[in-house]
Each structure stands twice: as structure tokens, then as C-alpha cells.
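Here's the structure we're looking at; comments come further down.
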Amino acid sequence: MTDNFIALDFETANKYRSSACSIGLVIVNNGKITKEWSSFIKPEPFFFSYWSTAIHGITPDMVAEAPVFEDIWSLIDSWFTQCDAIVAHNAPFDMGVLRACLERAQIASYLPDSICTYQLARKKLPFLRNHKLNTVSEYFQIPLNHHDALSDARAAAELMLRLSEI
């Protein structure tokens, strides 16, 4: 396990992985949360499915003036080169969104290995009824405003730290 990582969460506007409309990042150094950051993103392609908005509550008006992914990446890319891993709950989804956004923007970037707290929780807490973020957060009494990107990233960071102790 690692104690130097970035916990990451995306919310998307539609079925396309490149349609990130919100990002949350939590940086952990030496096992302590040292920085939190989030932003809305103007998604590409720019349309919202009913189901996506029903899940996270983000609307087109909320992101119409938000920066595009390329502008956000220019602010945060160096953070990824300074960590040992990227942590996410359901990492295949969030890493897929990150890669799709980078590809759409034609940005080549170093990405460290990812760790999935969903898979880690399945291995270490097999007795839970399921291993969804809200269920595992509730087990550890981690506050969660589910489907808020920063809250989800914070919960993933806390889960990584707690699951590393088991």
C-alpha cells in the first residue's frame, strides 16, 4: 500500500467518458490529507443525460462558464507526477474518464498506477452487504455527500487510509 496518493472522483454529464463535468481531488502525503481541490468542468460533448443529472444534480447552467478539461489539467497535472498512486472508488470508471479526457484533449501525460478502494473493500470487508462507496463509508463512519466529486474523493482517500490498516 502507499501513503502518498491522489484520491480522484469524476462526475460525468452523459454516457461518454470524456464528458467529465466535475472533478474532486484529495492529496495524501505520509498518510495525511494535505490538500483538497475541486472544480466544475465544461463537458465535451456538451449535453446532459437525464440519468446523469438525476444522479449528481449538476445541470448545464452550472457548468456553462466552467473551464474545459485542458485548462483544468494545466493546473493539476504536476500533482500526478508527485504521487505514488491514484486512488478511486471504482477506479476503472474514474481512470477511464481521466484517460478519455486526456485523449480528447490530445494531452500525453504520465499517470501513476491506480488503486481501487471498491476492490480493496471487497477483499478486506467481505461481510458487508455490498461495497458501494456509501456502504463502506457508513461502515467506517466517514461523512459522505454521495455524488459530490470532492466528497467522494475525500471518502475514497479516507477508505484507502483505513483499509491500509486492516
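The values are calculated or read from the model by the stated rules, or taken from the named source; none is laboratory data. All of these numbers come straight from a predicted model, not from anything done at the bench. Methodologically, a virtual Cβ is constructed for each residue, glycine included, from the backbone with ideal geometry; neighbour enumeration extends over all protein chains shown.
Examine the stretch 64-75 for a residue that is among the aromatic types (Phe, Trp, Tyr), assigned to a helix (DSSP H, G or I), within 16 Å of Ala20 (Cβ to Cβ) and modelled with pLDDT of 95 or more, and state whether such a residue exists.
The answer is yes, given that some residue of the stretch 64-75 is among the aromatic types (Phe, Trp, Tyr), assigned to a helix (DSSP H, G or I), within 16 Å of Ala20 (Cβ to Cβ) and modelled with pLDDT of 95 or more.
Tell me, which residue of the stretch 52-65 that is crowded, with 17+ Cβ neighbours inside 10 Å and among the hydrophobic types (A, V, I, L, M, F, W, C) is nearest to Lys15 (Cα to Cα)?
Top of the filtered list is Ile58.
What are the residues in the stretch 26-55 that are within 20 Å of Glu103 (Cα to Cα) and part of a strand (DSSP E or B), if any?
Hits for the stretch 26-55 are Ser39, Phe40.
With the condition kept exactly as written, say whether any residue in the stretch 32-43 is surrounded by fewer than 17 Cβ atoms within 10 Å (Cβ to Cβ), more than 30 Å from Arg162 (Cα to Cα) and either more than 16 Å from the chain's Cα centre (by Cα) or among the charged types (D, E, K, R) (or both).
No, that holds for no residue.
Going through the stretch 1-25 one residue at a time, which ones are over 13 Å from Asp152 (Cα atoms), of a type in the set (Phe, Trp, Tyr) and either in contact with a Leu (Cβ under 6 Å, 6 or more places away or on another chain) or in a strand (DSSP E or B) (or both)?
Phe5, the sole residue that qualifies.
How about the stretch 76-100: which of its residues are in contact (Cβ under 8 Å) with a residue 24 or more places away in the chain, part of a helix (DSSP H, G or I) and either in contact with a helix residue (DSSP H, G or I) (Cβ under 8 Å, 6 or more places away or on another chain) or among the small types (Gly, Ala, Ser) (or both)?
Passing the criteria: Ala91, Gly96, Ala100.
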